[in-house]
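Working notes, structure below.
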Amino acid sequence: DTQTQQWQAMSRDHHLPPFSDYKTLNARGARIITRADGVYLWDSEGNKILDAMAGLWCVNVGYGREELVEAASRQMRELPYYNLFFQTAHPPALALAKAIAEITPAGMNHVFFTGSGSEANDTVLRMVRHYWAIKGQPEKKVVIGRWNGYHGSTVAGVSLGGMKAMHGQGDLPIPGIEHIDQPYWFGEGGDLDPDAFGVQVAEQLERKILEVGEDKIAAFIAEPIQGAGGVIIPPDSYWPKVREILDRYDILLIADEVICGFGRTGEWFGSDYFGNAPDLMPIAKGLTSGYIPMGGVVVRDEVVQTLNEGGEFYHGFTYSGHPVAAAVALENIRILREERIVERVKAHTAPYLQKRWAELAEHPLVGEARGVGMLGALELVKDKKTRERFTDQGVGMRCRDHCFDNGLVMRAVGDTMIISPPLVISTDEIDELLAKVRRCLDLTAKDMRA
Ligand code: PLP
């Protein structure tokens, strides 16, 4: 057997990878990724692949950054681990908390560290309920999320999220979680213009609040731009209307910044992009550029003041504020700041990417090409005018396979193709990305005609 076949056998015999249909995977064999540099991956067969997903929306500074390796090894030598449970602290966690406060929206100056985005959302659920209990309103405990939202794979993450296929496994959501529709204009907007649709879906929030009881709602949780759901960019009218409703009923806003955070939109956080002032922000992914697991919840000062009055918050993780992860995150933020990567995305590479991306709307297979910052989505359709979809549900997967076979990682969410490249991608690499996308769209169109 070749080395690749040996690895595939190990996968089949011993490994249960996430989000996988094991039968299908084992039949075709896992693709083995062995190394990476810049915006490129290499597989075990030596193929060079442009990673237009930055891993899983996370490798913001690109692969192969020696400074991050150095930061990790330095910290491992100095203090590889210590917990934060015994009224203890260590310099990396403290320096990181301060650095995060410097880049987050005004009035958000504290962070609770977790090991992942899912743990951040478990934390945020407990935290908002705890907050209202301290304020003497323990009945304010329902959290409203959105259909097709994604907040992770733990029990709380799946429950807050709105992925019906996930709810169907494990008897979820847990009680006390409600969902409203997403602001998905292309798919669900019908004949409405985008802003009218944005207001209409935002108003569902108010109807849900009144249905459940206006004194029972703790918080609304949403991604500024829904990522895993298909890069759902809300119409301009959406967020201002949501904010107005939340203020009217004294409900906290949780902006899940796990994808949008750390520069993805060309601003530091998606909330900055939309001019939102959330009360709590789960973060992860771009916090360390994915080099090491870490997440957290950034908390508004007013919420912290209340938590301070609540006695001990019985919550935390062995790896909360892990010193090595914190050292890597700190160095990652230093790179983002000193190389002015977020500013460069906003002023230079995002406008370039978005201009070229929009041109894809001319392709016969593309019903809509949308994007913000370093995020993009293409809606694959059978009929551009009527937005009729292919009955063959596999069109996205087909396109994704063509991409992989032609040296490009582009993700398929149903019939929506998605990119989220490293923020450091150059304009030449964007040209290469676009050329590959076009070729794969052509190959997919040919399949669909056959
Ligand atoms: N929240 C959002 C918006 C995400 O996209 C993700 C992961 O994709 C998560 C939470 C969960 O993060 P993790 O996979 O680190 O648990």
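The values are calculated or read from the model by the stated rules, or taken from the named source; none is laboratory data. Everything numeric here is computed off the predicted structure, so don't read it as measured data. Cβ coordinates were reconstructed from backbone atoms using ideal geometry, including for glycine residues, and neighbour counts include every protein chain displayed. These accessible areas exclude ligands, DNA and RNA; they are computed on the full protein's heavy atoms, side chains included. Shrake-Rupley method; radii C 1.70, N 1.55, O 1.52, S 1.80 Å.
Accessible area per residue for the stretch 86-234 is 40 Å², calculated with a 1.4 Å probe on protein heavy atoms, without ligands, DNA or RNA.
Using every pair of alpha-carbon atoms in the stretch 109-227, split the distances into 10 Å bins beginning at 0 and state the percent of pairs per bin, rounded to integers. Here the calculated profile for the stretch 109-227 is 13, 40, 35, 11, 1. Normalised by residue number, the volume inside the convex hull of the Cα atoms of the stretch 1-101 is 184 Å³ per residue. Counting only lysines at least 8 places from Lys346 when in the same chain, those with an alpha carbon closer than 19 Å to its own are Lys355.
Spread over its residues, the convex hull of the C-alpha atoms of the stretch 239-309 is 84 Å³ per residue.
I need the semi-axes of the equivalent ellipsoid of the stretch 33-91: take the C-alpha gyration tensor, multiply each eigenvalue by 5, square-root it, list largest first in whole angstrom.
33, 13, 10
In the stretch 271-388, the ratio of gyration radius to Kirkwood radius, Rg to Rh, stands at 1.12 when only Cα atoms are counted. Phi angles across the stretch 74-80 convert, under the Karplus curve 6.51 cos²θ - 1.76 cosθ + 1.60 with θ = phi - 60°, into 3J(HN,Hα) values of 4, 5, 5, 5, 6, 7, x Hz, Gly and Pro given as x. In this entry, the stretch 192-338 is assigned a mean projected area of 10.7 nm², taken as a quarter of its C-alpha convex hull surface. Our summary gives the chain a relative contact order of 20 percent, counting only alpha carbon pairs under 8 angstrom and 6 or more residues apart.
The phi-based Karplus calculation (6.51 cos²θ - 1.76 cosθ + 1.60; θ = phi - 60°) puts the 3J(HN,Hα) values of the stretch 104-119 at 7, x, 3, x, 10, 10, 10, 9, 9, 8, 9, x, 6, x, 4, 4 Hz, whole numbers, x for Gly and Pro. Across all Cα atoms of the chain, the radius of gyration (one decimal) and Dmax (whole number) stand at 21.9, 67 Å. Within the assembled protein chains, the solvent-accessible surface assigned to Met10 is about 110 Å², based on a 1.4 Å probe.
Enclosing the Cα atoms of the stretch 348-450 in their convex hull gives a volume equal to 84 cubic angstrom per residue. Highest mean packing first, where packing is the average number of other Cβ atoms within 10 Å per residue, the peptides 196-204, 53-61 line up as 53-61, 196-204. For the stretch 340-426, carbon and sulfur atoms together expose 53% of the accessible surface, with a 1.4 angstrom probe and every protein chain in place. Across the stretch 165-264 the C-alpha pair distances fall into 5 Å bins from zero in the proportions 2, 12, 20, 22, 21, 16, 6, 1 percent. Computed on the Cα trace of the stretch 121-160, the radius of gyration divided by the Kirkwood hydrodynamic radius gives Rg/Rh = 1.03. Using only alpha-carbon positions in the stretch 79-165, the gyration tensor eigenvalues give semi-axes of 27, 18, 14 Å once each is multiplied by 5 and square-rooted (largest first). Annotation: Trp268 carries an accessible surface of approximately 40 Å², with a 1.4 Å probe and no ligand, DNA or RNA atoms counted. DSSP bridge analysis restricted to the chain gives an antiparallel fraction near 70%, rounded to the nearest 5. A protection proxy built from the mean count of other Cβ atoms within 10 Å ranks the segments 320-330, 174-184, most packed first, as 320-330, 174-184.
By accessible area, using a 1.4 Å probe on protein heavy atoms only, the stretch 265-315 has 46% of its surface on carbon and sulfur.
For Lys241, the aspartates and glutamates whose Cα falls under 15 Å of its own Cα, not counting residues fewer than eight places away in the same chain, are Asp181, Asp195, Glu203, Glu206, Asp250. Taking each DSSP H run with n ≥ 4 as -39500 (n - 2.57) and averaging over every residue of the chain yields -12500 deg cm²/dmol at 222 nm. With all projection directions averaged, the alpha carbon convex hull of the stretch 155-204 covers 4.0 nm². What pairs in Lys23/Lys382; Lys135/Lys216; Lys382/Lys446 have C-alpha atoms more than 19 Å from each other? Check vs 19 Å cut-off fails for Lys23/Lys382.
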